[in-house]
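Below is one structure; the comments refer to it alone.
The values are calculated or read from the model by the stated rules, or taken from the named source; none is laboratory data. Bear in mind the structure is a predicted one, so any value in this text is a computation, not a measurement. Glycine gets a Cβ as well: all are built from the backbone with ideal geometry, and neighbour counts include every protein chain shown.
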Amino acid sequence: MQKTIISNQKYFEEILSKIKKDWLEKLHILADFDKTLTKAFSNWNDWKIRQSLISVLRSEWYLWEEYSKKAYELYDYYHPIEIDPNISLDEKKKQMAIWWNKHLDLLVSSKLHKKDIEKVVFSWLIEFRSWVKEFLKFLSKNNIPLIIISANWLWSDSIKMYFEKQWFLTPNVQIISNEFSWDENGNVVWHSKKIIHVFNKDETVLKDFVEIHDLVENRKNVILLGDSLWDPHMIEWFLYNNLLKIWFLNEKEDELLEEYKKHYDVILTWDNDGEFLNSLFN
């Protein structure tokens with residue numbers, strides 16, 4: 001059942017009041033992509049969990065069979081580490097860096113081609129949440145920057161391709177993610193050595209991306225959208241004035257809710273229809 005949960009009503013109203021007082025010229029949005037802007041569930045299929053961009057590549061066998069087999073082996077080993085609350089952050093960062101590098105190397109050795117990414121992007125398995133298109137129209141119309149920081153394995157241009165497909169790659173949208181280099185035939189040849197994974201978004205410093213930093217430097221009010229416990233750290237190196245953190249709860253509500261209430265101001269469950277966010281901006 002869809003729910004909207006506000007962790008601390010008084011604090012929420014205070015921050016919202018300050019953001020509204022400064023109006024839109026001082027605002028920017030900082031967001032994750034997979035299962036934050038995109039749907040987490042297939043409600044036409046008994047609320048089965050949807051796939052991320054990389055999961056589509058893995059499960060739909062767009063590369064050779066051995067790639068999918070090895071990718072699943074990596075997932076089965078490292079994902080339990082990612083979500084285990086008893087493993088220290090330092091150890092998680094270490095293990096996630098190993099996982100991301102192994103998988104990126106696997107994509108290179110599996111001869112990933114740009115056309116494979118296009119197949120994923122144009123798959124019916126990836127879909128914006130129901131409210132996102134209106135949200136993006138509002139941001140574009142009012143020239144509010146949307147900065148996406150994604151640990152996506154499929155290159156920042158996979159997200160750009162998806163936005164282009166939906167006609168929403170407007171000048172206010174900026175994307176920070178992992179990068180590949182390609183040969184003249186469109187085959188991947190290597191990936192950037194600075195890896196963004198799920199637990200090091202705090203180390204992705206906006207000032208290192210000059211054009212993006214200049215875009216938001218004077219927009220000190222931030223609404224952050226994420227779906228993991230670590231996404232709030234995306235903002236860590238930005239000197240904001242007011243911050244409103246919104247979390248999309250995609251699994252294990254009974255187990256995770258109380259912990260996430262410590263880190264997020266608003267929690268939206270089960271592919272929320274966006275009524276809260278739309279009313280917030282209206």
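Kindly indicate the residue of the stretch 77-115 that is closer than 21 Å to Trp230 by Cβ and acidic (Asp, Glu) and also modelled with the lowest pLDDT among those meeting that condition. Across the stretch 77-115, the extreme among qualifying residues is Asp84.
If you go through the stretch 170-184 and pick out every residue that is at pLDDT 90 or above and either touching a strand residue (DSSP E or B) at 6+ places or on another chain (Cβ under 9 Å) or among the aromatic types (Phe, Trp, Tyr) (or both), you end up with 5. Checked against the criterion of being crowded, with 17+ Cβ neighbours inside 10 Å, hydroxyl-bearing (Ser, Thr, Tyr) and either modelled with pLDDT under 80 or part of a strand (DSSP E or B) (or both), the candidates Tyr260, Tyr264 yield just one match: Tyr260. Residues that are closer than 17 Å to Val189 by Cα, out of contact with any helix residue (DSSP H, G or I) (no Cβ under 7 Å at 6 or more places or on another chain) and not hydroxyl-bearing (Ser, Thr, Tyr) number at least 3 in the following helices (runs of 4 or more DSSP H) confined to the stretch 52-119: 89-109.
Within the stretch 120-142, restricting attention to residues that are in a loop (DSSP other than H, G, I, E, B) and of a type outside the set (A, V, I, L, M), which residue is surrounded by the fewest Cβ atoms within 10 Å (Cβ to Cβ)?
Trp124
Here's the yes/no breakdown for (1) in contact with a Lys or Arg (Cβ under 6 Å, 6 or more places away or on another chain); (2) at pLDDT 85 or above; (3) surrounded by 14 or more Cβ atoms within 10 Å (Cβ to Cβ):
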site	(1), (2), (3)
Lys3	no, no, no
Ser7	yes, yes, yes
Glu14	no, yes, no
Ile19	no, yes, yes
Phe33	no, yes, yes
Thr38	no, yes, yes
Asp46	no, no, no
Val56	no, no, yes
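Here is a check on your reading of the model: is Ala71 more than 20 Å from the chain's Cα centre (by Cα), of a type in the set (Gly, Ala, Ser), surrounded by 13 or more Cβ atoms within 10 Å (Cβ to Cβ) and within 23 Å of Asp227 (Cβ to Cβ)? Don't jump to the end; show me each part of the working.
Numbers: more than 20 Å from the chain's Cα centre (by Cα): yes; of a type in the set (Gly, Ala, Ser): yes; surrounded by 13 or more Cβ atoms within 10 Å (Cβ to Cβ): yes; within 23 Å of Asp227 (Cβ to Cβ): yes.
For Ala71, the condition - more than 20 Å from the chain's Cα centre (by Cα), of a type in the set (Gly, Ala, Ser), surrounded by 13 or more Cβ atoms within 10 Å (Cβ to Cβ) and within 23 Å of Asp227 (Cβ to Cβ) - is met.
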